[in-house]
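First comes the structure, then the notes that go with it.
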Amino acid sequence: MKNVHKPEVSLLWRPAEAESQKLRNYYLISLLVILGIFIYLGQASAELTIKTNHDHINIDFFYHGSTVNVSGISDPDTDLIIKITSPESHQSLRQKGKIGGILWMNVGTINFENAPSLYFLTSTKKPDDILSKDEMAKDIVGYEALKNHVELTPVKNEDEKTVWFNEFVKYKEHSKLYSVISGNITFTRKNGKQEYSTLFGWPYQAAPGEYTVTVYAVKNNRVIDEAESRVQVEQAGLVKTLADMAKNNASVYGLLSILAALGAGFGVGLIFRKGGGAH
């Protein structure tokens, strides 16, 4: 009987196969982690849309303000914050004081940098009840966050900055250009979805320009989604013609202004003359 020579089986491949198995496990774990992250983000994000029914406002001769309705679809499990702001710009307040202890006069100017000329904020609840301070600061939600964002000069310390910022807000609120309120967003259910809506009164004092409308979906004290729209305000008709003339042809505009003033004075004189002759 012949001896069958059995070839020796090398075991050198086993360490390489083990290493390959480790790599496959690593890739599988990484894939599961990434999948888990996507699932978490999908659960955390809200279905959120926004539209403005009056996104183009014309300032004509008979313009005296308008309204802007903001609406859309939101997740029923989230709170909402809606903000309308103008581009940031330079603002100022005149500082008054007594001269010689008798006369009240302008004694200086407080300058505000990075301050919007218009700031509207409305929410389902008070912002500081539903949003962390860090989140409020990041998205400039509320007067406190706006105060920390705006730069004031000249001020000596934080207390003086607070005093002047509060005066600035009072002036803006009196001019109907600043407003922070809560509880005036209405919700309705339609086709299994939640629709929201709120109405802003648009002041005639708001300057021409582009305004940003932002809605934030808030859950667990943080913003989980946001959507944006725009409101364009521009001059039209005779108002635009006169504004362009004042900017591009100041001499003609000045002459027309003088003639208009003389005509108005002449008309008033005729009215009083007729009134005097009737007695």
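The values are calculated or read from the model by the stated rules, or taken from the named source; none is laboratory data. Because the structure is predicted, anything quoted here is derived from the model rather than measured. Here Cβ is always computed from backbone atoms with ideal geometry, including for glycine, and neighbour counts include all displayed protein chains.
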- Number of positions in the range 210-233 that are polar (S, T, N, Q), under 17 Å from residue 182 (Cβ atoms) and touching a strand residue (DSSP E or B) at 6+ places or on another chain (Cβ under 8 Å): 1
- Assuming residue 225 fulfils every condition listed in (1) under 19 Å from the mean Cα position of the chain (by Cα); (2) among the charged types (D, E, K, R); (3) within 20 Å of residue 89 (Cα to Cα) apart from one, which condition is it? (3)
- Message: Every residue in the range 130-162 that is of a type outside the set (A, V, I, L, M) and assigned to a strand (DSSP E or B), please.
- Response: 151, 153
- On the given criteria, is residue 238 at pLDDT 65 or above and surrounded by 10 or more Cβ atoms within 10 Å (Cβ to Cβ)? yes
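For (1) at positive phi; (2) touching a residue at least 12 places away in the same chain (Cβ under 8 Å); (3) assigned to a strand (DSSP E or B); (4) acidic (Asp, Glu), each residue gets a yes or a no:
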site	(1), (2), (3), (4)
77	no, yes, no, yes
93	no, yes, yes, no
109	no, yes, yes, no
114	yes, yes, yes, no
128	no, yes, no, yes
165	no, yes, no, no
- Query: Is the range 155-166 home to any residue that is touching a Phe, Trp or Tyr at 6+ places or on another chain (Cβ under 8 Å), at pLDDT below 95 and not basic (Lys, Arg)?
  - Reply: yes
- Message: Being more than 30 Å from residue 166 (Cα to Cα) and either of a type in the set (Phe, Trp, Tyr) or in contact with a Leu (Cβ under 6 Å, 6 or more places away or on another chain) (or both) is the filter here; which residues of the range 180-225 pass it?
- Response: 187, 196, 225
- Return the total of residues in the range 148-180 being exposed (fewer than 12 other Cβ atoms within 10 Å of the Cβ) and under 16 Å from the mean Cα position of the chain (by Cα). 0
- Extreme residue, nearest to the chain's Cα centre (by Cα), among residues of the range 187-200 that are surrounded by fewer than 12 Cβ atoms within 10 Å (Cβ to Cβ) and assigned to a strand (DSSP E or B): 188
- Query: Given the structure, is residue 48 hydrophobic (A, V, I, L, M, F, W, C) and modelled with pLDDT under 60?
  - Reply: no
- The residue that is surrounded by the most Cβ atoms within 10 Å (Cβ to Cβ), considering only those in the range 116-147 that are under 15 Å from residue 85 (Cβ atoms) and charged (D, E, K, R), is 147
- Qualifying residue in the range 72-81 (condition: modelled with pLDDT of 95 or more, buried (at least 18 other Cβ atoms within 10 Å of the Cβ) and closer than 30 Å to residue 160 by Cβ): yes
- Item | Odd one out for residue 228, checked against (1) at pLDDT below 90; (2) acidic (Asp, Glu); (3) surrounded by fewer than 11 Cβ atoms within 10 Å (Cβ to Cβ) | (1)
- Residue in the range 201-225 that is surrounded by the most Cβ atoms within 10 Å (Cβ to Cβ), counting only those that are farther than 14 Å from residue 65 by Cβ and small (Gly, Ala, Ser): 217
